[in-house]
Amino acid sequence: MSIQEGQNWSQLPNLDVQNRDQAIVNPSDIEENSNAEPYYEESVYQKLVRPCNRYDEFMGKFTANGSMPPPCLAQYFVKEQKVSNPRFLRFTCTNCSLNENIQYNIGIPLGAIWQPFAELSPEDDKVPLIEREPLRCTNCLAYMNAHFKFSNNDFKCNICGYVQKYSKEYFKSQGSFPEFSRGTYKYLISKELQGSIDKNIYYLVCIDITNFSLGLGVYQQVLSSIRDILNYIPNPEIVKIGIITYDSFLHFFSLNNSPESIQEVIVSDENDLFIPFHFSSLCYNAQTEKEKIENLIDSLLGWEFSEISKNTLPVATIIDLVKNHFKGDAACRLLLFSSKAESLKTEKLNYLGSLEEFIRLGKECTENSLCVDLFLFSNSVDISSLATLSSQTGGDIYYYPKYLSKYDGEKLYYQLLRIFTRPQVFDANMRIRCSIKMAIDDCIGNFIKKSPVEMQVAAIDSDKSIGIMLKYDGVLVENEKVYLQCAILYRNNLGQKILRIYNGLMIADENSKFTHTEYGDLDTINNILVKKYAKMMFEKQLQNVKSDWYNFIYRVTNYYGWVISGAGSDVLKPHFVDMLPLFYNTANKLAGLSFNQSISDDIRLVSSFSLYSISSSKLRLLLYPNIYKLHDIMAQPRLPGTASSSTTIYLPDTVPCKRESLSPEGVYLLANGDIIVIFIGKNAPEEFLIKLFGKPLDQLSKEEIDIKNIGTEESERISLIINESRIKNPNGIPPLYFYLEEKDNYELIKQFMVEDQNGNETSYELFVENINSLVQYYED
């Protein structure tokens, strides 16, 4: 089904909202399209609820006016009507209960996911820029928005309810003001407040050159990746890139117009480390000095370092040095690569490695506009300390405990590409306000919390989201509106100071225990729960965290069983209630939340920290990946691999995320947001493989296996399917791998089999049986 131009998605009369996100393929359909025996149990498939992440139908226009938004992975465009685009701000429910007790029983956590710089579709309303001072409430300092109530010369603030005067001149012009019709808008801060900061964006790449790093191929991969990425950097005229290498010394490089003129400066005094160049001379412009950067990289790729030390400088020491060098005079993103675990745990210079010192350093980096991305290549790392440096500054940790250049090189390349090309801003200060009778309970994300409602971060990009937890501060009345306003002051990629405002609302509903069939947003509920329990990991033992989450699932399931049994057949169980057990089960198989004792503490911590700022779209694929059938695309009625009227490529049928779904005779595409894998069954038809690869599989080496258009319809369609999956992937282009059944390591595809038992974590089927048995036991 598609939506016609101008039609609101949430108002379609024949759309079953409860099942808008549920798989519609059934076993009988699959049997008709395949001669193979079913490779899963039909009864199991029929009784278990699964999501459908495949949204290849363009859904048309959605009007952001407080109504239920489409799923986060759906294809649609947004026109704002006094409420922010749901890509920016989504609530767990569009209607809330009148008081805390009812909301607690309903089971929907009250909150919102705020993704301030989410990437928009080309047809979305763009955020308008206003070049005048914003009008604010003099009581709570909320910003003017479409929900202020005007009468005569007064206006009433929708956040605090305060009534105040305003000028007649302002009233005469307000009809044309974007803040009276839109939910999201931005103000250009006056020149007097812009400051004199360097308007360039600096990327400083700092690479470990120990023998271990060189042997892994990290040094070569990073340099060659950056050389290629130079061709894709947006706004290269304001981007400057510098490269430093280090072991126990610091190595700086300067050159003029040719590789022969390169000059190496080594700083070897560990007790008096310094950067010998001003940062404007250390880094080169990505547009006007692109050739210099290329010459430098070409020289470094063939550079012979003399007397490389076995030890390296401590990570914290290098970060502190860069922070003191920039001193907040320019926005800088530091990409630091380290492969020596011992250097992270035996800090002999400025830092002893205590958590308090790392927290202090992270705060100082944020105050000095330094964002830190850490790339770590060792089996054992002090993640608990280092993670604070990235999480407080808005950066990320990329952990490769067993880095293999042949396997991980492509993944590293695309991670670097994403860092250099995604939308991002610097020097961000955030403030959240909500209307009376509600309060901000907590905010979860990558930032420094200055107060319960104020946050600061050195940089924030389009992939980062913030979880906002709300709580009741009074009793609402029927149809009362609850408002949320989020503001962020930042410096954009043109060096301008900008203030962005986001507005959202919920409506109090006395019958919410019945109407939540329509009003619960599964994507946002999931993200809020995952963020909440990931944070709880650092406050309680894992056993207690999982127990709290399990009790929540039981309570909600039991409550709706009671409501439905008492109300009769007219009330349907809300869709999000059906899905909660699945996402609880799959979330608890993530490294950060799993009981699996084979998972190292470092991997567990990296996983937990990544959940703090994960977007809803990426989380959805991580918790329940897509597994597409490729081997029978010519027989599938939707004609996968062909374009719809909106040029969207139709995608193949999906199968459940369990190992028994993958037939030995099949070929599948597996996608979880991080990577894409082409699974080739051991008995896959040779005729199909020849049409796909041009030769029988046994005549191709692993390096020669690739899918491209070789002139057959199968290869053309599957090439388009792969390309569509990569382009539409949340958070950038994922690397592509090939998996040959019984020849390659099962660990590659194990992460996709989220329904299967994983260590001590039960299978989805068994978990649903257990939770239903428990509910039935207490009912009896």
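The values are calculated or read from the model by the stated rules, or taken from the named source; none is laboratory data. If you're wondering where the values come from, they're calculated on a predicted model, not measured in any experiment. Heads up, the Cβs are rebuilt from the backbone with ideal geometry, glycines too, and the neighbour counts pull from every protein chain shown.
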Pairing a residue in region 433-447 that is under 11 Å from S613 (Cα atoms) with any residue that is hydroxyl-bearing (S, T, Y), where Cβ atoms lie under 6 Å and the two sit 6 or more apart in sequence or on different chains, gives I444/Y612; G445/Y612; G445/S613; N446/S391; N446/Y612; N446/S613
Looking across region 469-487 at residues that are assigned to a loop (DSSP other than H, G, I, E, B) and touching a residue at least 40 places away in the same chain (Cβ under 8 Å), the single one that is nearest to I201 (Cα to Cα) is E480
In the set T288, T317, the lone residue that is of a type in the set (S, T, N, Q), farther than 19 Å from L273 by Cβ and modelled with pLDDT of 90 or more is T288
Take the conditions farther than 30 Å from L48 by Cα and in contact with a Pro (Cβ under 9 Å, 6 or more places away or on another chain) and apply them to L651. Does it pass? no
When restricted to L89, L98, L129, the only residue surrounded by fewer than 18 Cβ atoms within 10 Å (Cβ to Cβ) and aliphatic (A, V, I, L, M) is L129
Filter region 477-497 for residues that are surrounded by 18 or more Cβ atoms within 10 Å (Cβ to Cβ) and closer than 23 Å to Q81 by Cβ; the one that is farthest from the chain's Cα centre (by Cα) is V482
Counted residues in region 174-211 being over 30 Å from P86 (Cα atoms), in contact with a helix residue (DSSP H, G or I) (Cβ under 9 Å, 6 or more places away or on another chain) and surrounded by fewer than 19 Cβ atoms within 10 Å (Cβ to Cβ) come to 2
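Residue by residue, here is whether (1) surrounded by fewer than 24 Cβ atoms within 10 Å (Cβ to Cβ); (2) in contact with an Asp or Glu (Cβ under 8 Å, 6 or more places away or on another chain); (3) outside the structural domain of I468 (by TED's automatic domain parsing) holds:
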| site | (1), (2), (3) |
| --- | --- |
| F58 | yes, no, yes |
| S67 | yes, no, yes |
| C72 | no, yes, yes |
| K79 | yes, yes, yes |
| V83 | no, no, yes |
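Collect the residues in region 338-354 that are assigned to a loop (DSSP other than H, G, I, E, B) and modelled with pLDDT under 80, keeping them in residue-number order.
Within region 338-354, K340, T346, E347, K348, L349, N350, Y351, L352, G353, S354 meet the criteria.
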K240 vs (1) out of contact with any helix residue (DSSP H, G or I) (no Cβ under 7 Å at 6 or more places or on another chain); (2) farther than 16 Å from L417 by Cα: all pass except (2)
Listed by range, helices (runs of 4 or more DSSP H) wholly within region 355-468 having at least 2 residues that are buried (at least 23 other Cβ atoms within 10 Å of the Cβ), more than 20 Å from the chain's Cα centre (by Cα) and modelled with pLDDT of 95 or more are 355-367
Cβ pairs under 8 Å, 6+ apart or interchain, first in region 597-618 and assigned to a helix (DSSP H, G or I), second of a type in the set (F, W, Y), ordered by first then second residue, are D602/Y399; I603/Y399; V606/Y399; S608/F538
With the first residue restricted to region 645-672 and required to be without any contact (Cβ under 8 Å) to a residue 24 or more places away in the chain and within 16 Å of Q75 (Cβ to Cβ), and the second required to be of a type in the set (V, I, T) and surrounded by fewer than 23 Cβ atoms within 10 Å (Cβ to Cβ), Cβ contacts under 9 Å at 6 or more apart or on different chains are none
**OP:** Report yes if G161 is modelled with pLDDT under 85 and at positive phi, otherwise no.
**Re:** no
Within region 53-88, residues more than 22 Å from A643 (Cα to Cα) and among the polar types (S, T, N, Q) come out as T63, N65, S67, Q81, S84, N85
The helices (runs of 4 or more DSSP H) lying entirely within region 253-336 that contain at least 1 residues which are closer than 25 Å to N235 by Cβ and among the basic types (K, R) are 290-301, 315-326
In region 418-433, anything more than 21 Å from I226 (Cα to Cα) and of a type outside the set (V, I, T) is listed as F426, D427, A428, N429, M430, R431, R433
Flagged in region 696-706 as surrounded by 14 or more Cβ atoms within 10 Å (Cβ to Cβ) and without any contact (Cβ under 8 Å) to a residue 12 or more places away in the chain, in numbering order, are L700
